[in-house]
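Taken together, the values in this text are just the output of simple stated rules run on the coordinates, not laboratory data. Source: prediction; values computed, not measured. Please note: Cβ atoms are built from the backbone with ideal geometry, for glycine as well, and neighbour counts cover all protein chains shown.
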Amino acid sequence: MSASIDGAVAILESAVAELKPEAAFAMFSGGHDSLCSTHLAMSTEIPQAVVHINTGIGIPQTREFVRNTCAAYGWPLLEYHPPKLTYRDIVLKFGFPGPGFHHVPYRWLKERAIDAIVRENKRTRLGKVMLITGVRRSESTRRMGHVKPSLTKGARAWVAPIIGWDDHDKNEYMQEYEIPRNEVVDLLCMSGECLCGAFAKPGELDEIRTWFPGTAAEIDALAEEAAALGKHAIWGARQKRSRVPKEQMPMDLCWSCEAKLERMEESYGTSEVSREARI
Ligand code: SF4
């Protein structure tokens, strides 16, 4: 384990030496991957704060877990919200984003929030803001061959210190440091902090309803509002006219949903999922 930790810290230190970021943040969704990367990063002096992107649609217990964990460890927490359109705005304007309609929530809920973090913290024209994530290569076979520990896109410098960790490394790290677990992850096998529905798996809303009925009720109420406006009102279902080719659907900010999509492909078959999720 110490080799994995040393390797992760080395990734962070070499990214700092190479990129000389003007600010650095540990991105914490509430899932266990980003919990480990955040815990590890905050044990160095590299990130100045933890960032949680609150997209406005997700399981509140995960947001509470993020807030409580940061408070317990004494990590400063910044919560960013999409600055313009909220999830509700999107649903009432375009209908629920199902498979093939990922580009809208991606752009308005994720991209805009990241833009705000970078804009507020970049000090010079060519400056970089480091965003430390819990992306792991073993979570995504699609990324396995090409994902790198650090990747710069404009002023955004993404760094994935635990990129080489597998599930065993993650669990061992959590046990060794006695890091509290998020019960949402243990119940749903996902952090549930973002539930746009674009990559919902079959039966996902029923599962959410079983454990977190308040969140399901919120989605149901929004569905009623959308239906009254004549918009697509079924969460997680494909809109009739959405036909976005795979290559136009970025996943860079939606790692956990990309990994979920791959697990769905394994369970239900690639062609079946591709037909529903990608077309
Ligand atoms: S695809 Fe997943 S992570 Fe991306 S906006 Fe939708 S729910 Fe959030």
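Given 0.36 nm per residue, what is the gain on full extension from HIS103 to ASP166 after removing their alpha carbon distance, in nm?
Value of the extension gain: 19.7 nm.
Enumerate cysteines in the chain without a disulfide-compatible partner, where compatibility requires another Cys Cβ under 4.7 angstrom.
CYS36, CYS70, CYS189, CYS194, CYS196
Could you tell me whether the chain comes out rounded, prolate or oblate from its Cα gyration tensor? Rule is a ≥ b ≥ c as square roots of the eigenvalues, rounded for a/c under 1.5, then prolate if a/b exceeds b/c, otherwise oblate.
It is prolate, given that a/c is not under 1.5 and a/b is the larger ratio.
Among VAL16, GLY164, ILE59, which residue has its Cα positioned farthest towards the positive end of the charge dipole of region 2-278, with +1 placed on the Cβ of Lys and Arg, -1 on the Cβ of Asp and Glu, and the dipole taken about the Cα centre?
VAL16
Across the chain, where is the longest run that never hits GluC sites (Glu not before Pro) in a DSSP loop with at most 12 other C-beta atoms within 10 Å?
Result, exposed sites excluded: 46-177.
Given the DSSP H assignment, sum -39500 (n - 2.57) over each helix run of at least 4 residues in the chain and divide by its residue total; what's the result at 222 nm in deg cm²/dmol, nearest 500?
It lands at -13000 deg cm²/dmol.
Rounded, prolate or oblate for region 35-189? Axes are the square roots of the Cα gyration tensor eigenvalues, ordered a ≥ b ≥ c, and the cut-off for rounded is a/c under 1.5.
Taking the square roots of the gyration eigenvalues as a ≥ b ≥ c, region 35-189 is rounded.
If I model a spin label as a point 7 Å beyond the Cα along the Cα-Cβ vector, how far apart are those points for LEU92 and LYS148 in nm?
Taking the two extended label points, one gets 4.4 nm.
Explain nothing, just the number: dipole magnitude of region 49-206 about its Cα centre with +1 on each Lys and Arg Cβ and -1 on each Asp and Glu Cβ, in debye rounded to the nearest 20.
Here the size comes out at about 1200 debye.
Do any of LYS93/LYS148; LYS148/LYS260; LYS153/LYS231; LYS110/LYS240 go past 31 Å between their Cα atoms, and which?
As for pairs spanning more than 31 Å Cα to Cα, those are LYS93/LYS148; LYS153/LYS231.
Label region 1-42 by shape, choosing from rounded, prolate and oblate, from the square roots a ≥ b ≥ c of the eigenvalues of the Cα gyration tensor; if a/c is under 1.5 it is rounded, and otherwise prolate applies when a/b is larger than b/c, oblate when it is not.
Oblate.
What is the dipole size for the chain, taken about its Cα centre, with +1 at each Lys and Arg Cβ and -1 at each Asp and Glu Cβ, in debye to the nearest 20?
Using Cβ point charges on Lys, Arg, Asp and Glu, the chain gives about 1520 debye.
So what's the net charge close to VAL91: Lys and Arg +1, Asp and Glu -1, counting the other residues with Cβ under 14 Å from its Cβ?
Neighbour charge sum, excluding VAL91 itself: -2.
Have a look at ALA221, HIS103, THR210 and report the one farthest towards the positive end of the charge dipole of region 2-278, computed about the Cα centre with Cβ charges (Lys/Arg +1, Asp/Glu -1).
Highest projection toward the positive end goes to HIS103.
Tell me which of MET190, TRP235, VAL50 sits at the most positive position along the dipole axis of the chain, charges placed on C-beta atoms (Lys, Arg +1; Asp, Glu -1).
Final value for the positive-end residue is TRP235.
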